[in-house]
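Structure, as structure tokens:
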Amino acid sequence: MSTLHQNTNLTWAEVNKREGYDDAAAVIGELLQMNEFLDEVPWRPATHGTYNKQLQAKALGVGAFSKANTGLTFMASQSDELTEPVKLYEGESAVDDRLLKGATDAYKVRDSEDAMNLEGAIQDWLSNVVYGNEADIPEGFKSLDRRRPSIVANRCWDGAGSGSDLTSLLLFEFSPRGLWLAYPQGANAGLVSDDRGRNLVDVPSPGTGQMWAWVRHYEIWAAIVLRDDRAYQRYANIETAGSSNLFSPNIFIQMKNQLPQMGQMAVGFANRTLKSQIDNDAYDKANIAFSLREITGYGPITSVAGVPIRTLEALIDTESELT
């Protein structure tokens, strides 16, 4: 996993390096991650501006058999009201106008800085979606990790691994009745990039005063809405090394069948290490639970019991054991 490093200003040394900038993916190199969660998760407007409110049934009313000349059975159900706040993640990519005037190709310098800042922001945001702790950062999410912090029947599954080389596979059923991300009705879905042009801004710390800079603003408004608690399953304590307690299709199939629609519209997510385990099993073809499907313009996608497994590099190889 790459290191998310700095919140400081661009320097002349960095400007000189950027003269060789050609392509964002090539420049970011090994720090570039594949995080396909944003490609799959649906976005919907929040019900109440900066928070989303929904009802979740906790008890259903029932009738009864009857006969003539007897009283009617009155039915009553119970529900919980669930509220999820919409959280704002944002940042400014600012490049000093004087640096650009002194550069051979000002466009390449600014574009490279914006591209790297964008990649860092996406990685950090997804890391907070997966592992963020709202107790440490009240402005942040109640993360996916915090929603499945321990082994629980039919919600968080135990891969029986131990030690410091563990990871998880996350399984979602994406639908209005399952899991989705909410955004304020006055904002836009997903990552928003806004070129705000040349502005007078404060000099980044530890400097003082102001400077003219070219500013690009990035923001993501999102609430994690889990309408049906079964729509998010976690397969934890999977060993990333060795030969035991690796990924098991048997556990995965049990987990898939606990989803509300038993795998319809389901997508699984794993990091590169775990996905390699799953891909190897698929190419081995010894277990018909694994399959490969060619997607035009993308390549082969591995599926387990018909559920595609995508890449989410925000998942780490050093999770603590869940009990």
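The values are calculated or read from the model by the stated rules, or taken from the named source; none is laboratory data. A quick note: this is a predicted structure, and the numbers were derived from the prediction, not measured. Cβ sites come from the backbone with ideal geometry, for glycine too, and all protein chains shown count toward neighbours.
Out of (1) under 25 Å from T311 (Cα atoms); (2) of a type in the set (V, I, T); (3) part of a loop (DSSP other than H, G, I, E, B), what's the single condition that is false for V62?
(1)
Residues are listed down the side, and each one gets a yes or a no for (1) within 15 Å of W214 (Cβ to Cβ); (2) part of a loop (DSSP other than H, G, I, E, B):
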site	(1), (2)
A76	no, yes
E84	no, no
A94	yes, no
L100	yes, no
A103	yes, yes
V109	yes, no
E119	no, no
Q123	no, no
L126	no, no
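Considering only residues that are in a loop (DSSP other than H, G, I, E, B), at pLDDT 95 or above and not basic (K, R), look in region 138-152 and name the one that is farthest from S168 (Cα to Cα).
S143
Taking region 56-82 as the search range and keeping residues that are touching a Lys or Arg at 6+ places or on another chain (Cβ under 9 Å) and loosely packed, with under 12 Cβ neighbours inside 10 Å, which one is nearest to L181 (Cα to Cα)?
Only one residue fits best here, namely E81.
Being under 22 Å from F141 (Cβ atoms) and touching a Cys at 6+ places or on another chain (Cβ under 7 Å) is true for just one of A236, A189. Which residue is that?
A236
State whether the residues of region 49-68 include one that is within 19 Å of the chain's Cα centre (by Cα) and either more than 30 Å from V192 (Cα to Cα) or of a type in the set (A, V, I, L, M) (or both).
no
Quick one: A135 ticks every box in (1) closer than 30 Å to P260 by Cβ; (2) at pLDDT 90 or above; (3) surrounded by fewer than 20 Cβ atoms within 10 Å (Cβ to Cβ) except a single one, so which number is it?
Checking A135 against (1) closer than 30 Å to P260 by Cβ; (2) at pLDDT 90 or above; (3) surrounded by fewer than 20 Cβ atoms within 10 Å (Cβ to Cβ), the one that fails is (2).
Filter region 128-178 for residues that are closer than 15 Å to L226 by Cβ and hydrophobic (A, V, I, L, M, F, W, C) and give the result.
Listed by number, the residues that qualify are V129, V130, F141, L144, V152, C156, L170, L171, F172, F174.
Looking at (1) touching a residue at least 60 places away in the same chain (Cβ under 8 Å); (2) over 30 Å from Y107 (Cβ atoms), which one does D136 not meet, given that it meets all the others?
D136 satisfies all of (1) touching a residue at least 60 places away in the same chain (Cβ under 8 Å); (2) over 30 Å from Y107 (Cβ atoms) except (1).
Could you tell me whether Q33 is in a strand (DSSP E or B), under 36 Å from the mean Cα position of the chain (by Cα), at pLDDT below 90 and of a type outside the set (K, R)?
The answer is no for Q33.
Can you name the residue in region 290-319 that is under 22 Å from G163 (Cα atoms) and part of a loop (DSSP other than H, G, I, E, B) and, of all such residues, is nearest to the chain's Cα centre (by Cα)?
Checked region 290-319; the qualifying residue nearest to the chain's Cα centre (by Cα) is A314.
Given the conditions (1) within 18 Å of F269 (Cα to Cα); (2) modelled with pLDDT under 95; (3) surrounded by fewer than 18 Cβ atoms within 10 Å (Cβ to Cβ); (4) not acidic (D, E), and given that P176 satisfies all but one, which numbered condition is not satisfied?
(1)
How many residues are charged (D, E, K, R) and farther than 25 Å from D80 by Cα when one looks only at region 221-241?
1
Looking for whichever is aromatic (F, W, Y), buried (at least 17 other Cβ atoms within 10 Å of the Cβ) and free of Cβ contacts under 8 Å to residues at least 60 places away in the same chain here; the options are F252, F247, F269, F290. Which one fits?
Just a single option satisfies the conditions, and that option is F290.
Can you name the strands (runs of 3 or more DSSP E) wholly within region 185-249 that have at least 1 residues being in contact with a Leu (Cβ under 8 Å, 6 or more places away or on another chain) and aromatic (F, W, Y)?
Passing ranges, in order: 210-226, 232-239.
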